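Read the figures in this text as sums done on the coordinates, not as results from a lab. Predicted, not measured: the structure shown is a model, and the values here were computed from it. Here Cβ is always computed from backbone atoms with ideal geometry, including for glycine, and neighbour counts include all displayed protein chains.
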Protein chains: 2
Amino acid sequence: MRVEIWTDINCPFCYIGKSRFEQALDAFPHKAEVEVVHRSFELDPSAAKGETGLVVPHIAQKYGISEAQAAANEQGLGRQAQALGLPYLTEGRDYGNSFDLHRLLHLAQDKGVQDAMIDALYRGNFAEQDSVFADEEHVVRLAVAAGLDEAEVRAVLADPDRYAEEVRADEREAAELGATGVPFFVLDRKFGVSGAQPAEVFTQALTQAWDSRSPLTVIDSADGGDACGPDGCAVPQA
Amino acid sequence: MRVEIWTDINCPFCYIGKSRFEQALDAFPHKAEVEVVHRSFELDPSAAKGETGLVVPHIAQKYGISEAQAAANEQGLGRQAQALGLPYLTEGRDYGNSFDLHRLLHLAQDKGVQDAMIDALYRGNFAEQDSVFADEEHVVRLAVAAGLDEAEVRAVLADPDRYAEEVRADEREAAELGATGVPFFVLDRKFGVSGAQPAEVFTQALTQAWDSRSPLTVIDSADGGDACGPDGCAVPQA
């Protein structure tokens, strides 16, 4: 079974939702047969590369709420994170363009360390003072700690085309699947869960997806296809 | 869309079937959105590790056919391969236990070079004189040429537990999906194609699987899940 999770590094509910999903997954009896893939979604693709600033005034201005309200939101997020044992910097977190971070997540997927990389980026963004949007050296350190090769990380960062198409393909797929926000969880391309739901909702989704696995529809030709089995290979007619 | 292909390195129809599938995939208009994963299936898990011998007398003895018939089968396979432009050694090919090769295919998957690795192993087994079952140095050379790190390859070969569970999980899944032989192609866990079918059958399967992609069933909670979208994040109630 496969779970795909569309996320953005800018998205606090993605950080929180991943942890709640993992609570459910850890207790799921078929965990060993569940594969998790992280997919790209940019909350604000229009943010200029390298542009950054503090989240609280940015959010207040962008969505027309008071800075006090925006700051209170951060405190609320901090409490939700804390309840899950996740560190959260309720003051001083910044925002920025996440395209390059998504490209690195695709590199990490190719190298088998995607989960470690997304955890590193979440921690870097939500729990550490250094910026993952404006401080490339910080990103390189996080990537190396997640298991990536430093030279490869720098090569991908230096070439804006590397993994760009993979990021955009993820974003197109999110739109096709009906996602308008993140986190967005898709199980075997049959079930969808939107948002940082309670762990019980993820348990229900995992169970329902598992139980709904159905026999395959077989597509065949008149002659059948030659195959090999425990009793040998079909004998091709010369 | 995802295509999983269960195969064994011992299986000539897997080598041939992969090429026919790729003909269909190359012409498929949504190729860029198709992900291919190779999964493990051992045709003869009882073969002792390192035991090997020539295929023709082995097949003749095992399945009670004459050596002449077994040799004619190899010639027939050679012609099928040749028609696809695939090199094939119709004399002198050997057989053996493929468990370690499957473990390496899982390492290659983790490193993003699984397709190159399976092609290298097929060529090594079906088109080259050196054995992939009895000559570990040959396997190491093939793996390095496919893009793997030599030290990692040797470490995996030296530790029989590395990726063993992944191989067995693939085999359990094959059984659950109803596969009794290989190659066995599974599209989005909905459609199955057994055997080295003509390319048109793969085209039909790809088209049918693509057209049958359906809207997700949404699993939700009473409160909904907090999410972030282009218009900002849900405001957690303090």
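Here are a few things to note about the model shown:
- In degrees, nearest ten, helix B:12-26 long axis to first principal axis of chain B (Cα): 40
- Once divided by 2.2 N^0.38 Å, the Cα radius of gyration of segment B:122-238 becomes 1.69.
- Estimated FRET transfer efficiency (A:T180, B:D135; beta-carbon r; R0 45 Å; 0.05): 0.25
- Based on the convex hull around the alpha carbon atoms, segment A:2-211 presents an average projected area of 11.2 nm².
- Cβ-placed point charges (K, R +1; D, E -1), dipole of segment A:44-154 about Cα centre in debye, nearest 20: 300
- Over the C-alpha atoms of the protein assembly as shown, the Rg to Rh ratio, Rh being the Kirkwood estimate, stands at 1.03.
- Annotation for B:E91, label-to-label distances across the other copies: 8.4 nm (shortest first, one decimal, point 7 Å from Cα along Cα→Cβ).
- Across the identical copies, how the B:D135 labels are spaced - nm, sorted shortest first, 7 Å along Cα→Cβ: 5.4
- Here segment B:5-27 and segment B:46-91 have alpha carbon centers that stand 17 Å from each other.
- For segment A:193-200, 3J(HN,Hα) per residue [Karplus equation, 6.51 cos²θ - 1.76 cosθ + 1.60, θ = phi - 60°, Hz, x = Gly/Pro]: 10, 9, x, 7, 5, x, 3, 4
- Here the chain B residue lying nearest the rotation axis onto A, judged by its C-beta and given with the distance in whole angstrom, is B:K111, 3.
- If the chain linking A:A27 and A:E152 were pulled fully straight, counting 0.36 nm for each residue of separation and taking away their Cα-Cα distance, it would gain 41.4 nm.
- Measuring nothing but alpha carbons in segment A:100-144 and taking Rh as the Kirkwood radius, the Rg to Rh ratio lands at 0.94.
- Given A:K49/A:K190; B:K18/B:K49; A:K62/A:K190; B:K31/B:K62; A:K62/B:K111, the pairs whose alpha carbons are separated by over 30 Å: A:K49/A:K190; A:K62/A:K190; B:K31/B:K62; A:K62/B:K111
- Copy-to-copy label separations for B:A27, where each label sits 7 Å from Cα toward Cβ, in nm and ascending: 5.2
- Each Lys and Arg Cβ is given +1 and each Asp and Glu Cβ -1; about its Cα centre, chain B then shows a dipole of about 680 debye.
- Diffusion coefficient (Stokes-Einstein, Kirkwood radius over C-alpha pairs, 37 °C, 0.692 mPa s) for segment A:14-107: 211 µm²/s, rounded to a whole number.
- Here the protein assembly as shown is assigned +1 on the Cβ of each Lys and Arg and -1 on the Cβ of each Asp and Glu. Its dipole about the Cα centre then comes out at about 740 debye.
- Here the Gaussian network model covers chain B, with springs between Cα atoms less than 10 Å apart; of B:S46, B:S66, B:S214, B:S214 fluctuates the most.
- Cβ crowding within 10 Å ranks A:H38, A:H138 as A:H138, A:H38, fewest other Cβ atoms first.
- Under-5 Å amide H pairs with B:D226, H placed in peptide plane, nonlocal only: A:A196
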